[in-house]
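Here's the structure we're looking at; comments come further down.
Nothing in this text is a laboratory measurement; each read-out follows from the coordinates by a stated rule. Note that the coordinates shown come from a computational prediction; the quantities given were computed from them, not determined experimentally. Cβ coordinates were reconstructed from backbone atoms using ideal geometry, including for glycine residues, and neighbour counts include every protein chain displayed.
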Amino acid sequence: MEHERNGFKVRAHWRNPAGSSKQVMLLGLFVFAMFVLGSKPMGGAPGEQQPVPESTVYPIKWPGWDQPVVRPQPTVSYPIVFPSAGNGR
């Protein structure tokens, strides 16, 4: 959109705020990196199923895995009072 100012034709434009060029550059690099890193590799014909890699995770089984462990039960049911160090702590 053009307009006239002081007898001169002026085109509409947008200017970055002072000191924001570094932030705009970093934002552009971030967007570019996300575009490059986030893109999937193109391969095969359209609609062709890509092979799925096999899982390399194996179940870890420790000795006695199948036998439940009996948890120890407390032998006393009353509170044990320990002697203090003498300063009340």
_What are the equivalent ellipsoid semi-axes of the chain, built from the alpha-carbon gyration tensor (square roots of five times its eigenvalues), in whole angstrom, biggest first?_
69, 39, 11
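What's the extension gain from Asn6 to Val81 if we count 0.36 nm per residue and subtract their Cα-Cα distance? Mind dumping the intermediate values first?
Details: separation 75, 0.36 × 75 = 27.00 nm, distance 9.32 nm.
The Asn6-Val81 span can extend by a further 17.7 nm.
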*With each pseudo-label sitting 7 Å past Cα toward Cβ, what's the Val36-Glu48 distance in nm, one decimal?*
2.7 nm
*For the chain, find the longest principal axis of its Cα atoms and tell me its angle to the long axis of helix 21-38, 0 to 90°, nearest 10.*
60 degrees
*Among Val52, Val31, Val70, which one shows the biggest mean-square fluctuation in a GNM of the chain, springs joining Cα atoms closer than 10 Å?*
Val70
*Sticking with the crude label model, points 7 Å out along Cα→Cβ, report the distance from Lys61 to Met25 in nm, one decimal please.*
6.0 nm
